[in-house]
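Visitor: Here's a structure for you.
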Amino acid sequence: MSGAERTASATTPLRGSQSRGYRYAIEYMKQDGTHLGVVPIEPDFEPTIDWTYFLGVRRAELPAVVDSAEGVVSPLWSNELGEPYCHGFRVEVTKRGGGRVVHCDFPESFFQRLADAGSAEWFEKGDLEPGERYAYRVCAYPIASDLSEGRPVDSALEAAASFEVEAVPEPIPLVESRLETFAERAEADEVHVEGEMPVFIVRSVIDEACDLARSAGRNETGGILIGHIHQDPTKPEVFVEITAQIPARHAEASESSFSFTHDTWCAADAAVQLRGRGESFLGWWHSHPRWCNPECPETRRKDCVLARPFFSADDIHLHRVCFPHPYQVSLLISDLPESGPSPALFGWQAGAISARGYFAMP
């Protein structure tokens, strides 16, 4: 579990994005269909805009820069229920000043985390019993309309919808390389899912992280992942090569938390400059020590969330704030009851952070 010093805004639209005049909400029902109510939400659409733009970069359809997308977010109406119910949303992006448009559709599951957070209202009111399951639908309403049950329209949110921040495009430092030359000497440690950007990690990076996790004992520890971003124009495809890890000096750590500090970033910057290899920050790594009770029955361990790799809410927040680019990843070292320190990779996928595959290299 992790924390970060930096803060981030979760309101939308961001930068040059537009929501075409819609606000979003979650409608809750009991399993028997009993209507509970509607809770307004503020989806963080910025990662989906960045993800969609990066798809254009991977396909060599858009310039290789970050913070340059002008995005439009539009509801995809339910085929069964129609407006205001959505089965997802579409993001369309183009480079600033116009040009080719790239789009990507995102499913309703993108809202799952917001739905889980909003459900607390019904448990607190006693409308849902502890452990009771619920159903939900995603709704999109014109900004000027009320969401439900006399809730006032948030004028501050309306103002945010017309607010734009001009960002300076930052080039992605691509190195032209052949994907095959990496793939032929790499071993897939996890199943590579179709559509994932390939990530290659030098095996010594994983070994060093596991050793540092063991040395930290019951405290979490971590560091910065650095390396190169490659582009194979013959595919076309963009892929990442992680060449080294920089231990997070001056970090704040405990048994259940890990935070980068200002001094951590300064030390990491100095280390990259000292290496002089033109490497970029490609993500971070951290450890989860063993929290399981050693006397816990084996039958219970199989279903315990602490007995397998997982990304906590704090981990997600740190990654969102400090490593927001679609090509940035996180290596997690979990001290599992059966296998000890074990690596797993997480990263951006369709605008959300989830477990993903990678390739280990000698």
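The values are calculated or read from the model by the stated rules, or taken from the named source; none is laboratory data. Just so you know, these numbers come straight off a predicted model, no measurement behind them. Using ideal geometry, Cβ is built from the backbone for each residue, glycine included, and neighbour counts are taken over all protein chains shown. In case anyone asks, the SASA skips ligands and DNA or RNA and just uses the protein heavy atoms, side chains included. Shrake-Rupley method; radii C 1.70, N 1.55, O 1.52, S 1.80 Å.
Visitor: Looking only at region 78-92, which residues are more than 16 Å from residue 54 (Cα to Cα) and in a strand (DSSP E or B)?
Guide: 85, 86, 87, 88, 89
Visitor: Sort out which residues of region 37-77 are assigned to a loop (DSSP other than H, G, I, E, B) and either free of Cβ contacts under 8 Å to residues at least 12 places away in the same chain or under 18 Å from the mean Cα position of the chain (by Cα) (or both), and write them in order of number.
Guide: Once the filter is applied, which keeps residues that are assigned to a loop (DSSP other than H, G, I, E, B) and either free of Cβ contacts under 8 Å to residues at least 12 places away in the same chain or under 18 Å from the mean Cα position of the chain (by Cα) (or both), region 37-77 yields 42, 43, 44, 45, 67.
Visitor: If you take the residues in region 233-258 that are of a type outside the set (A, V, I, L, M, F, W, C) and surrounded by 20 or more Cβ atoms within 10 Å (Cβ to Cβ), which one is farthest from residue 357 (Cα to Cα)?
Guide: Here the answer is 245.
Visitor: Another question about this same structure. Do we find that residue 181 is among the polar types (S, T, N, Q), open to solvent by less than 70 Å² (accessible area, probe 1.4 Å) and either in contact with a Pro (Cβ under 8 Å, 6 or more places away or on another chain) or assigned to a strand (DSSP E or B) (or both) in this structure?
Guide: no
Quick grid of which residues meet (1) hydrophobic (A, V, I, L, M, F, W, C); (2) at pLDDT below 60; (3) touching an Asp or Glu at 6+ places or on another chain (Cβ under 7 Å):
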site	(1), (2), (3)
4	yes, yes, no
11	no, yes, yes
21	no, no, no
34	no, no, no
46	no, no, no
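Visitor: For region 62-90, which positions are touching a Gly at 6+ places or on another chain (Cβ under 9 Å) and under 24 Å from residue 198 (Cα atoms)?
Guide: Correct list: 62, 63, 68, 69.
Visitor: Residue 49 - would you say it is of a type outside the set (S, T, N, Q), within 15 Å of residue 351 (Cβ to Cβ) and open to solvent by less than 40 Å² (accessible area, probe 1.4 Å)?
Guide: Yes.
Visitor: Quickly run through region 242-266 and pick out the residues that are under 17 Å from residue 283 (Cβ atoms) and of a type in the set (A, V, I, L, M, F, W, C).
Guide: 242, 244, 246, 248, 251, 258, 260, 265
Visitor: Further question on the same structure: I need the full set of residues from region 52-82 which are touching a Cys at 6+ places or on another chain (Cβ under 7 Å) and crowded, with 18+ Cβ neighbours inside 10 Å, in order please.
Guide: 52, 55, 75
Visitor: Let me ask something else. How many residues are open to solvent by 40 Å² or more (accessible area, probe 1.4 Å) and within 15 Å of residue 51 (Cβ to Cβ) when one looks only at region 331-351?
Guide: Qualifying residue count for the region: 1.
Visitor: Turning to a different aspect of this structure: Mind listing just one residue for me: the one in region 198-252 that is of a type in the set (Lys, Arg) and at pLDDT below 95 and, of those, farthest from residue 362 (Cα to Cα)?
Guide: 218
Visitor: Sticking with this one: Could you please tell me which pairs satisfy a Cβ distance under 8 Å, a separation of 6+ or placement on different chains, a first residue in region 324-342 that is of a type in the set (Asp, Glu), and a second residue that is assigned to a loop (DSSP other than H, G, I, E, B) and modelled with pLDDT under 85?
Guide: Correct list of pairs: 335/289; 335/290.
Visitor: Follow-up. May I ask you to verify whether residue 244 is without any contact (Cβ under 8 Å) to a residue 60 or more places away in the chain, more than 21 Å from the chain's Cα centre (by Cα) and more than 25 Å from residue 65 (Cα to Cα)?
Guide: Criteria not met by residue 244.
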